[in-house]
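To keep things clear, I will list the structure first and then write my remarks on it.
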Amino acid sequence: MAEVGAGRTGIALTDRQRIAWLRLIRSDNVGPATFRDLINHFGSAERALDMLPELSKRGGSARPIRIASVSEAERELDLAHSFGARFLGIGEPGYPSALRQIEAAPPLLAVKGNLEVASQSAVGIVGSRNASISGAKFAAMIARDVGRAGYSIVSGLARGIDAAAHTASLDTGTIAALAGGIDQPYPPENLRLFDEICDRGLAVSEMPFGWEARARDFPRRNRLIAGIALGTVVVEAAARSGSLITARLAADFGRLVFAVPGSPLDPRCQGTNGLLKDGATVTTSAADVIDALAPVSALEVRRQSEVEEPVLDGEDRVPSPPEESDRTRIVDALGPTPVEVDDIIRHTGIGAASVYLVLLELDIAGRLHRHPGGLVSLAMGD
């Protein structure tokens, strides 16, 4: 694996911190947003791990929370090493800078390949698994020409458009985002392509080693594509397809969405034509992508990660638990309809620190749903 380039910024995790981070993200009810909040509240993953049982109990969980053990984390790190991969933290050099900026970015990525590919600005190319010959050729042309303009190409290793885009950009830089563990590439017919990507490009995954992709995992994979890329090109997408999920996520992240027009008679083009009606950029050549992205890619991404961990021997940062009456008022203010946290603060008149801590308790107890845009709701039945 290539060494991290000198131009990259960030602070490397210690071995001890990396184990703690892996334990925390692999524990029950801890997703990327919860991970970030735990670090912000308690200062380190180790302290957050210590607090999980109490948080879960205070949040009303009916059973003890499962916390990943040191041995489990060490085993996964060993598996990564034996597979030629490693885990990269969100604040470390080499973590894709555009991905770092999205809401609730993955705190840890399993990566295998050449990290220099991630230092380039990236363009996503996605589309139909059952691609037409002309669709696959066009995707390859876009990938090749955009790659020559200095961009990495990111896609999902699927059949059809994804495979065409990856193959065409092997020489200029390609990134495969996986729905399963990095040791479980899918589909089987693209295993040779996956090996080529790991040799010449980069493969990334936020899922545990050994995890076989299921249907519900692919939207998370699509989220990686949309987050890594400054813009996403959709080539041949049906009216209901994963490619449209990627396009929607890209738009939610404030990224550009490009769509290739197609015949109204071809079901594979209904989704892309719909994107054009909704304002996506008409794309008939690589120049359409390159010209639109030029002002965006010229800007340096300066904002640092929201997940920053101090040295482990620093002062303890354990906030006092909220008053029971405050906790009751916050829970009563919640319901099944997603609301903004600021609205909870205004409605209850309780300080922000207490509100966020109660939400964290409910989250760890499995009683809180998080929604795009930072909205939250109470899990049904509460």
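In cubic angstrom, how much convex hull volume per residue do the alpha carbon atoms of the range 1-140 span? Could you put the intermediate results ahead of the total?
Details: hull volume 22.8 nm³, N = 140.
Taking only Cα atoms, the range 1-140 has a hull volume of 163 Å³ per residue.
Using only Cα atoms, tell me the angle between helix 70-82 and the longest principal axis of the chain; keep it within 0 to 90° and round to the nearest 10.
Taking Cα atoms only, the helix is inclined about 20 degrees.
Sorting check: for 24-36, 122-134, which peptide has the highest mean count of neighbouring beta carbons within 10 Å, and how do the rest follow? All intermediate terms of the calculation are to be shown ahead of the outcome.
Details: 24-36: 20.0, 122-134: 23.9.
Highest to lowest by the protection proxy: 122-134, 24-36.
Relative to the longest principal axis of the C-alpha atoms of the chain, give the angle of the C-alpha long axis of helix 352-364, reported between 0 and 90° and rounded to the nearest 10°.
Its long axis makes an angle of about 70 degrees.
Please check: in the Gaussian network model of the chain (C-alpha springs, under 10 Å), which one of Pro187, Pro96, Pro208 has the largest mean-square fluctuation.
Answer for the Gaussian network model of the chain: Pro187.
Would you mind working out the magnitude of the charge dipole of the range 59-206 relative to its Cα centre, with +1 at each Lys and Arg C-beta and -1 at each Asp and Glu C-beta, to the nearest 20 Debye? Walk me through the numbers on the way to the answer.
Working: 13 positive and 16 negative charges, 74 e Å.
Dipole of the range 59-206, to the nearest 20 debye: 360 debye.
If we count every other residue with Cβ under 12 angstrom of Ile19's Cβ, Lys/Arg +1 and Asp/Glu -1, where does the sum land? Provide the component values of the computation, followed by the final result.
Values: positive: Arg16, Arg18, Arg23, Arg26, Arg75; negative: Asp15, Glu46, Glu72, Glu74, Glu76, Asp78.
So the surrounding residues net to -1.
On a 0 to 90 degree scale, rounded to 10, what angle separates helix 286-297 from the longest Cα axis of the chain?
30 degrees
What does the charge dipole of the chain about its Cα centre add up to, to the nearest 20 debye, if the Cβ of each Lys and Arg holds +1 and the Cβ of each Asp and Glu holds -1?
The dipole magnitude comes to about 920 debye.
Ala143: net charge of surrounding residues, Cβ under 15 Å, Lys/Arg +1, Asp/Glu -1, itself excluded? Walk me through the numbers before you get to the answer.
Values: positive: Lys137, Arg144, Arg148, Arg200; negative: Asp145, Asp162, Asp171, Glu196, Glu236, Asp288.
Surrounding charge for Ala143 is -2.
What are the residues whose amide H is under 5 Å from the amide H of Gln184, where those residues sit 5 or more places off or on another chain and H is modelled from the backbone?
Gly210
Excluding same-chain residues fewer than 8 positions from Lys277, which lysines have a Cα within less than 26 Å of its Cα?
Leaving aside lysines fewer than 8 places away in the same chain, those within reach of Lys277 are Lys137.
Which aspartates and glutamates, on any chain, are close to Lys112 with Cα under 16 Å apart, when same-chain ones fewer than 8 places away are left out?
Candidates past the 8-residue exclusion: Glu3, Glu76, Asp78, Glu92, Asp183, Asp195, Glu196, Asp199, Glu206.
Counting every Cα pair in the chain, what percent are over 39 Å apart?
On the way: 14578 of 72771 pairs.
Percent of Cα pairs beyond 39 Å in the chain: 20.
List the residues, sorted by chain then number, that are 5 or more residues from Ser27 or on another chain and whose placed amide H is less than 5 Å from its amide H.
Under 5 Å from the amide H of Ser27: Ala68.
Which whole-number percent is the relative contact order of the range 42-131 (Cα, under 8 Å, 6+ apart)?
Numbers: 52 pairs, mean separation 17.8, N = 90.
Relative contact order comes out at 20 percent.
Looking at the range 39-120, which trypsin sites (Lys or Arg not before Pro) are in a loop (DSSP not H, G, I, E or B) and have at most 14 other Cβ atoms within 10 Å?
Working: sites: Arg47, Lys57, Arg58, Arg66, Arg75, Arg86, Arg100, Lys112; in loops: Arg66.
Answer by residue number: Arg66.
Read the figures in this text as sums done on the coordinates, not as results from a lab. This structure is a prediction, so every number in the text was calculated from the model and none was measured. All Cβ positions, even for glycine, are placed from backbone atoms using ideal geometry, and neighbour counts span all protein chains on display.
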